[in-house]
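Since the structure comes first, as structure tokens, the remarks are kept for the end.
The values are calculated or read from the model by the stated rules, or taken from the named source; none is laboratory data. All figures in this text were calculated on a predicted structure; none of them were measured in a lab. Cβ coordinates were reconstructed from backbone atoms using ideal geometry, including for glycine residues, and neighbour counts include every protein chain displayed. The accessibility values were calculated without ligands, DNA or RNA, using every heavy atom of the protein model including side chains. Shrake-Rupley method; radii C 1.70, N 1.55, O 1.52, S 1.80 Å.
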Amino acid sequence: MHRIVFLDRATIAPQITLRAPRFAHELITHDHTRPDEVVARLAGASVAIINKVTLRADALERLPDLKLIAVAATGTDNIDLQACASRGIVVSNIRNYAVHTVPEHTFALIFALRRSICAYRDAVRAGRWQEAGQFCFFDHPIRDLAASTLGVIGDGVLGQAVAAMGRALGMRVLFAGFKGQTGQGALYTPFEQTLAQSDVLTLHCPLLPTTRNMIGAAEFAQMRRRPLLINTARGGLVDEAAVGPALAAGQIGGAAFDVVTTEPPPADHPFMALLDRPDFILTPHVAWASDEALQGLADQLVDNVEAFVRGEPANVVTA
């Protein structure tokens with residue numbers, strides 16, 4: 001009999017079905033778990049399911065029965081992988097479930113900004129159409145994507161999917177090379193050149209020491225075509241305090257973020273002062289969260305647990 005404890009079930013939408021594993025088990029779910037509740041709730045559990053709950057060495061050493069940490073996400077930076085390895089705890093994650101939802105959300109943001117969808121909706125709601133006195137009005141810019149240049153930073157599954165969508169819309173696609181490096185081959189455009197030539201810049205790379213704040217005031221100054229900046233990847237890739245000044249100075253034509261360094265952002269976060277701007281959109285880390293993607297995630301999560309119990313661990317993450 002395996003005791004399985006899901007510490008943050010509320011991170012998966014309630015309409016998503018989490019099927020019962022096909023072996024003898026006891027499943028306990030908690031919507032949320034505070035740091036000081038982790039050890040008590042996992043006491044006696046052989047399997048922990050978590051999404052964003054943190055599991056560090058000091059907690060793991062107090063959980064002798066724990067054998068598997070099944071992460072209901074791809075990222076595992078909230079887990080001490082070295083401590084897991086030293087204690088023989090297997091860590092598994094979810095892979096390739098967001099290949100449609102993240103690219104579609106990315107282009108939803110691009111279209112909304114490129115065609116000023118939110119700005120026109122707000123104007124109509126405020127009575128501007130009646131005030132205009134004719135069949136249309138032109139208060140905000142409307143631009144086509146066809147024949148424009150899409151700069152993609154990150155060439156993994158999601159970056160490639162976004163690039164394919166861009167090409168289907170008639171966009172020229174550039175894959176940015178690593179910042180500060182040259183000679184990476186014909187498939188890559190130097191980072192600085194990508195900034196200068198793109199009409200839309202979209203981020204699809206991991207947050208690493210080398211990518212933290214990779215776009216800031218100096219980089220905004222290089223964006224000659226006033227591009228849209230889209231981040232559906234990770235908070236921290238962009239110097240968030242520099243976004244407002246870049247918008248105010250006209251260095252970028254708009255910005256849309258689905259991720260923030262601190263989530264939820266505090267009331268004094270720089271983005272909170274931008275919410276009334278027609279050229280800024282903030283969504284609450286939901287690019288990954290279509291019903292279809294979430295159900296696929298939930299199914300894969302249980303698959304990972306079942307594979308471990310069979311003695312065939314899948315999607316194993318190592319330090």
J(HN,Hα) series, the range 209-215, from Karplus relation 6.51 cos²θ - 1.76 cosθ + 1.60, nearest Hz, glycine and proline x:
x, 7, 10, 4, 6, 5, 10
Note on the range 1-74: contact order normalised by length, alpha-carbon pairs under 8 Å, 6 or more apart, percent, works out to 37 percent
Rounded Å value of the spacing that divides the Cα centres of the range 175-234 and the range 8-49
39 Å
Positive-end residue, the range 1-133 charge dipole about Cα centroid, Cβ charges, pick of THR33, ALA85, THR101
THR101
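Which loop GluC sites (Glu not before Pro) in the range 1-106, with loop taken from DSSP, have no more than 16 other Cβ atoms within 10 angstrom of their Cβ?
Details: sites: GLU26, GLU37, GLU61, GLU104; in loops: GLU61.
In loop regions of the range 1-106 (DSSP not H, G, I, E or B), the sparsely surrounded GluC sites (Glu not before Pro) are GLU61.
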Need one value: the accessible area of TYR97 in square angstrom, 1.4 angstrom probe, rounded to the nearest 10.
50 Å²
Any idea what angle helix 157-168 forms with the longest principal axis of the chain, computed on alpha-carbon atoms, 0 to 90 degrees, nearest 10?
30 degrees
Return the whole-Å distance between the Cα centroid of the range 264-316 and the Cα centroid of the range 67-96.
17 Å
